[in-house]
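Have a look at the structure below, then the notes.
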Amino acid sequence: MKSDLEHFFRQLDAEQARAADRVPSKADAKRLIDGLFQFLFPLLADDPKPARVQYTLLRYELTKLLHPLLHEENKKTGDATDTFFEQLPGVYDLLQDDAQAILQFDPAATCLDEVIATYPGFYAIVVHRIAHLLHGLDIPLLPRVFSEYAHSETGIDIHPAAMIGHSFFIDHGTGVVVGATAVIGDNVKLYQGVTLGALQVEKSLARVKRHPTIEDNCILYANCTILGGNTVIGHDSVIGGNSWVTESVPPYSVVLHQSQVKVRTKPFEESVNFVI
């Protein structure tokens, strides 16, 4: 029994050594993504520093995380870091549009500072746009670590590979799921519980478009489910709450889930109590 335990310990030590070379530290990744958020939006910084100082610190943190991930692929970590920061201003411009969209269309939003500091939907969008940038640079694992951190913080699950246009708006957000091959156009609004998913989850479909396309100016209301890689929601359409959609709809469509209403002629003999 003791020899089995010693063998088990050796196995774990060997696995730990291998993991250090292929899996980024979650703690370091969380610190980096929150640091990038505060770099782009200093409003949230606990200890504000000049932008160039922040850049130097963040560049070091990113390079440290990328080195073991790219070492086996013989890619230059410095090149990936350079490209990331060169493209970050474009991400910042997209995020400004996203924040403005939330302010414009949510009556409860009073100012941009409120959107940036408090809205979980905006935080999830920030993390997604950064993770998507890294995904586009063929960085393994780290984009997914970022997206799962946002998922745990907000309840919003957006795969880093999903393609999302400008002025994206997630309201409330809890339970939103956006699959890896989903394509979302410009000026799209999502409410809580929306799922952009796949009709099938077979492993053989890993490289196939499995998730829907949402064209420009669509509104997807709470808990609607849209499935399938060939499903296209035409531009300027509205998908009502609790709707289940597995086929394409043309532009300017309105899809509603109809609830049946029955009017009683007398009261219930016993009170109706639902426990949720």
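The values are calculated or read from the model by the stated rules, or taken from the named source; none is laboratory data. Note that the coordinates shown come from a computational prediction; the quantities given were computed from them, not determined experimentally. Glycine also receives a Cβ, built like all others from the backbone with ideal geometry; neighbour counts cover every protein chain displayed.
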Checklist line | All positions within the stretch 219-241 that are closer than 19 Å to Ile156 by Cα and part of a loop (DSSP other than H, G, I, E, B) | finding: Tyr221, Ala222, Asn223, Cys224, Gly241
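Among the listed residues Thr265, Thr246, Thr231, which satisfies the condition of being of a type in the set (S, T, N, Q) and not assigned by TED's automatic domain parsing to the domain that holds Tyr191?
Details: Thr246 fails: not assigned by TED's automatic domain parsing to the domain that holds Tyr191; Thr231 fails: not assigned by TED's automatic domain parsing to the domain that holds Tyr191.
Result: Thr265 is the single residue among Thr265, Thr246, Thr231 that is of a type in the set (S, T, N, Q) and not assigned by TED's automatic domain parsing to the domain that holds Tyr191.
Let's see how each residue does on (1) under 26 Å from His151 (Cβ atoms); (2) in the same structural domain as His128 (by TED's automatic domain parsing):
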{"site": "Glu6", "(1), (2)": "no, no"}
{"site": "Glu15", "(1), (2)": "yes, yes"}
{"site": "Val23", "(1), (2)": "yes, yes"}
{"site": "Asp34", "(1), (2)": "yes, yes"}
{"site": "Gln38", "(1), (2)": "yes, yes"}
{"site": "Phe41", "(1), (2)": "yes, yes"}
{"site": "Asp46", "(1), (2)": "yes, yes"}
{"site": "Pro50", "(1), (2)": "no, yes"}
{"site": "Val53", "(1), (2)": "no, yes"}
Check: Among the residues of the stretch 184-192, is there at least one that is touching a Phe, Trp or Tyr at 6+ places or on another chain (Cβ under 8 Å) and either modelled with pLDDT under 95 or not assigned by TED's automatic domain parsing to the domain that holds Val238 (or both)?
Finding: no
Notebook entry, point to check: Within the stretch 19-53, which residues are exposed (fewer than 10 other Cβ atoms within 10 Å of the Cβ) and not small (Gly, Ala, Ser)?
Noted result: Asp46, Asp47, Pro50, Arg52
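Taking Leu103, is it in contact with a Leu (Cβ under 8 Å, 6 or more places away or on another chain), surrounded by fewer than 23 Cβ atoms within 10 Å (Cβ to Cβ) and within 18 Å of Asp186 (Cα to Cα)?
Details: in contact with a Leu (Cβ under 8 Å, 6 or more places away or on another chain): yes; surrounded by fewer than 23 Cβ atoms within 10 Å (Cβ to Cβ): yes; within 18 Å of Asp186 (Cα to Cα): yes.
Yes: the conditions hold for Leu103.
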Next item on the list: Check the stretch 13-29 and report whether any residue there is touching a Phe, Trp or Tyr at 6+ places or on another chain (Cβ under 6 Å) and either of a type outside the set (Asp, Glu) or in a loop (DSSP other than H, G, I, E, B) (or both).
Entry: no
Notebook entry, point to check: Checking Ile156 against (1) in contact (Cβ under 8 Å) with a residue 60 or more places away in the chain; (2) under 30 Å from Leu70 (Cα atoms); (3) under 15 Å from the mean Cα position of the chain (by Cα), which test does it fail?
Noted result: (1)
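Name the residues in the stretch 67-82 that are polar (S, T, N, Q) and at pLDDT 80 or above, would you? Break it down into steps so the answer makes sense when it comes.
Step one: of the stretch 67-82, the residues polar (S, T, N, Q) are 74, 77, 81.
Across the stretch 67-82, the qualifying residues are Thr77, Thr81.
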Notebook entry, point to check: Which residue, of Thr110, Thr56, Thr118, is within 16 Å of Phe37 (Cβ to Cβ), surrounded by fewer than 14 Cβ atoms within 10 Å (Cβ to Cβ) and among the polar types (S, T, N, Q)?
Noted result: Thr118
Check: Looking at (1) surrounded by fewer than 18 Cβ atoms within 10 Å (Cβ to Cβ); (2) within 15 Å of the chain's Cα centre (by Cα); (3) in a loop (DSSP other than H, G, I, E, B), which is the only condition His211 fails?
Finding: (1)
Check: With (1) in contact with a Phe, Trp or Tyr (Cβ under 9 Å, 6 or more places away or on another chain); (2) closer than 27 Å to Ser152 by Cβ as the list, and Gln96 as the residue in question, which single condition is left unmet?
Finding: (1)
